[in-house]
Amino acid sequence: MNFKGWNRHLLWLVAAAPFVSQTWLQAAPTPIVAAREEIPTFEKDVLPILKGHCTACHNPDTSSAFLDLTTYETTMEGGQADNNVVAGDPEASNLMRRILGHGGKPQMPLGFAPLSPEKTETIRAWIKAGAKPTPEGVDLRHWAYVPPQKPSVPEGAHPIDYFVGKKLAEQGHSFSPEASRTTLIRRLSLDLTGLPPT
């Protein structure tokens, strides 16, 4: 067995070890900084909780206690209690009291495990922040929020030609001149057979 070769390899490993360990230390992941806390929104944060735990009983069809929790509007209206959600005051909100089981009434959801502390805190934070349907600063004029409207097209014009021509004119361009019959036949032959017409 050739121990001389092994010694040479071992020497290289010992010599390279400090550099390799230094590289690993530098490549170690940096600690994750906690994400900035955002105000919960109804659609993104609160509604999924209500759908998962409440809307089986509190929906437009069954509406237990005349309470529908399927939309922002009906959640804010409440059912038998006028103060279902008191914006800015979770303790005065009937929704929060029923989730926590305060006020001498059964804790909701009735017959099921109570909401987790995280989900309860999400609803509390949403009410405390004003119970708004959308977060502040959301521009509802964004194209996704604008209902589509059918544009008017001049009579006789093909809609596609009209809109393409309009955009070309805005940029100072116009349609290419109409191709002759010979050119169209040549293009058709090349498209269909890959060969010019004979």
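Under the classification rounded if a/c is under 1.5, otherwise prolate if a/b is larger than b/c and oblate if not, where does the range 42-128 fall, given a ≥ b ≥ c as square roots of the Cα gyration tensor eigenvalues?
Taking the square roots of the gyration eigenvalues as a ≥ b ≥ c, the range 42-128 is rounded.
Panel order for His53, His173, by other beta carbons found within 10 Å of each beta carbon, from fewest to most: His173, His53.
Could you tell me whether the range 71-198 comes out rounded, prolate or oblate from its Cα gyration tensor? Rule is a ≥ b ≥ c as square roots of the eigenvalues, rounded for a/c under 1.5, then prolate if a/b exceeds b/c, otherwise oblate. It is prolate, given that a/c is not under 1.5 and a/b is the larger ratio.
Dipole magnitude for the range 42-128: about 280 debye, using +1 per Lys or Arg Cβ and -1 per Asp or Glu Cβ, origin at the Cα centre. Give the shape of the range 77-123 as rounded, prolate or oblate, defined through the alpha-carbon gyration tensor: a ≥ b ≥ c are the square roots of its eigenvalues, a/c under 1.5 means rounded, and otherwise the shape is prolate if a/b is larger than b/c and oblate if not. It comes out oblate by the Cα gyration axes.
Every number here is computed from the coordinates shown, using simple stated rules; none is lab data. Nothing here was measured: the structure is a model prediction, and the numbers come from that model. Positions of Cβ are backbone-derived with ideal geometry, glycine not excepted, and every protein chain shown enters the neighbour counts.
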